[in-house]
Amino acid sequence: MNPNLFDFLKKLMIVSNNGSYRGSTLELSKLFGISQQAASLNLINLEKEGFIKRVRERNGQIIYFLEPAYELIYEEFNSLNFILNRQDKLDISGKVFSGLGEGKYYISQENYKNGLKAILGFEPFLGTLNIRISKKELYKMEIIRLKGRKYIPPFEKDGRVFGKVYVYNAELKGEKIGTIIPERTHYTDVLEIVAKDNLRQKFNLKDGDVLEVTVRFD
């Protein structure tokens, strides 16, 4: 979301009562120190994006806050909490799902396999376990991406370019594992797990099972 629009939403929620605000765009413009046109445009955009619902009245309007607005504030709160607590690890959960089977191909590439071994300290099983992160925890994926320090650099093989992959030490069920996030990926809600063993077999996992992973930033 545009930072200015997010700031407007926060202020709007502060001045609200019991999940709604009754008033005109003129009143909001005076309250927030912006033009009436800017206040009106912000409300239009918030409604278009599904954060509020407006009900017109004779002398103004009632603005109701929808669930996505609270989810956005919740994400901001947790991101700030992570910063203030100076955490060096993060718990993130998701549901196991079957990918396209590309993990085995990529990890079998010598550069990736050797890079993973150098960073994680073990030779990985040729395959990844994928978990899909819920919408409520997607802000954690952004934190993980931003905290990425260790990576396997891009390389070329047989005329094909393989992209950079960020690697993180992690734990699952008390076992040392790794998580990876390719720099170029179609997914923003998927965390790929690598380990010494076939985790599906070892823990008898099936699609839909919920797993919690502790990602470390050391």
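No lab work stands behind these numbers, since they all come straight from the coordinates. A quick note: this is a predicted structure, and the numbers were derived from the prediction, not measured. Please note: Cβ atoms are built from the backbone with ideal geometry, for glycine as well, and neighbour counts cover all protein chains shown.
Once each part is reduced to its C-alpha centroid, what is the distance from region 174-199 to region 69-131 in angstrom?
4 Å
Once the Cα atoms of the chain are picked out, what are the Rg and Dmax in Å?
22.5, 70
For region 92-137, take the alpha-carbon Rg, divide it by the Kirkwood Rh, and send me Rg/Rh.
On the way: Rg = 12.6 Å, Rh = 11.9 Å.
That ratio equals 1.07.
Just want the answer: with Cβ charges of +1 for Lys and Arg and -1 for Asp and Glu, which residue in Tyr139, Thr214, Tyr112 is farthest toward the dipole's positive end in the chain?
Going by the Cα projections, it comes out as Tyr139.
Considering the Cα trace of region 88-216, what is its radius of gyration and what is Dmax, both in angstroms?
Reported Rg and Dmax, both Å: 13.7, 41.
Compute the distance in nm between two label points, each set 7 Å from the Cα along the Cα-to-Cβ direction, one at Leu146 and one at Arg216.
According to this spin-label approximation, the distance is 2.3 nm.
I'd like the per residue volume of the convex hull spanned by the Cα atoms of region 30-122, given in cubic angstrom.
Working: hull volume 21.4 nm³, N = 93.
Measuring per residue, one finds 230 Å³ for the Cα hull of region 30-122.
For Thr188 and Arg58, what is the calculated FRET efficiency with R₀ set at 45 Å and r taken between the beta-carbons, to the nearest 0.05?
Numbers: r = 44 Å, r/R0 = 0.98.
Taking R0 as 45 Å, the efficiency between Thr188 and Arg58 is 0.55.
With 10 angstrom as the radius, rank Val55, Val194, Val213 by how many other C-beta atoms surround their C-beta, starting from the fewest.
Values: Val55 10, Val194 24, Val213 21.
Fewest-to-most Cβ neighbours within 10 Å comes out as Val55, Val213, Val194.
For Cα pairs less than 8 Å apart in space and 6+ apart in sequence, what is the mean separation divided by the residue count of the chain, i.e. the relative contact order in percent? Intermediate values should be presented prior to the final figure.
On the way: 331 pairs, mean separation 41.7, N = 218.
Across the chain, relative contact order equals 19 percent.
For a label point 7 Å from the Cα of Gln87 along Cα→C-beta, name the residues of region 138-162 whose backbone N is under 14 Å from it.
138-147
According to the square roots a ≥ b ≥ c of the eigenvalues of the Cα gyration tensor, what is the shape class of region 3-69, taking rounded for a/c under 1.5, prolate for a/b larger than b/c otherwise, and oblate for the remainder?
Working: a/c = 1.34, a/b = 1.05, b/c = 1.28.
It is rounded, given that a/c, with a ≥ b ≥ c, falls under 1.5.
Students often get this wrong: which residues of region 2-35 have the backbone nitrogen under 19 Å from the point 7 angstrom along Cα-to-C-beta of Ser79?
Output list for this probe position: 2-14.
If you line up the long axis of helix 67-84 against the longest principal axis of the chain, both from Cα atoms, how many degrees apart are they, to the nearest 10?
Roughly 60 degrees, rounded to the nearest 10.
At a 10 angstrom cut-off on C-beta neighbours, averaged per residue, how do the peptides 39-46, 98-105 rank from highest to lowest?
Details: 39-46: 18.5, 98-105: 11.9.
Descending mean neighbour count gives 39-46, 98-105.
Can you pick out the pairs among Lys53/Lys147; Lys157/Lys202; Lys10/Lys135; Lys150/Lys173; Lys48/Lys147 whose Cα atoms lie more than 30 Å from each other? Show your work: numbers first, answer last.
Working: Lys53/Lys147 36 Å; Lys157/Lys202 33 Å; Lys10/Lys135 20 Å; Lys150/Lys173 23 Å; Lys48/Lys147 32 Å.
Too far apart for the 30 Å limit: Lys53/Lys147; Lys157/Lys202; Lys48/Lys147.
Against the longest principal axis of the chain, how steep is helix 110-120, in degrees 0 to 90 to the nearest 10, with axes from Cα atoms?
Approximately 70 degrees, to the nearest 10.
I'd like the FRET efficiency for Phe6 and Glu47, computed as 1/(1 + (r/R0)^6) with the beta carbon distance as r and R0 of 22 Å, rounded to 0.05. Intermediate results must be reported in sequence, preceding the final value.
On the way: r = 15 Å, r/R0 = 0.68.
Here the calculated transfer efficiency is 0.90.
Using 0.36 nm per residue, how much length does the chain from Phe203 to Val15 gain when fully extended, once their Cα-Cα distance is taken away? Please report the intermediate quantities before stating the final value.
On the way: separation 188, 0.36 × 188 = 67.68 nm, distance 4.99 nm.
Length gained between Phe203 and Val15: 62.7 nm.
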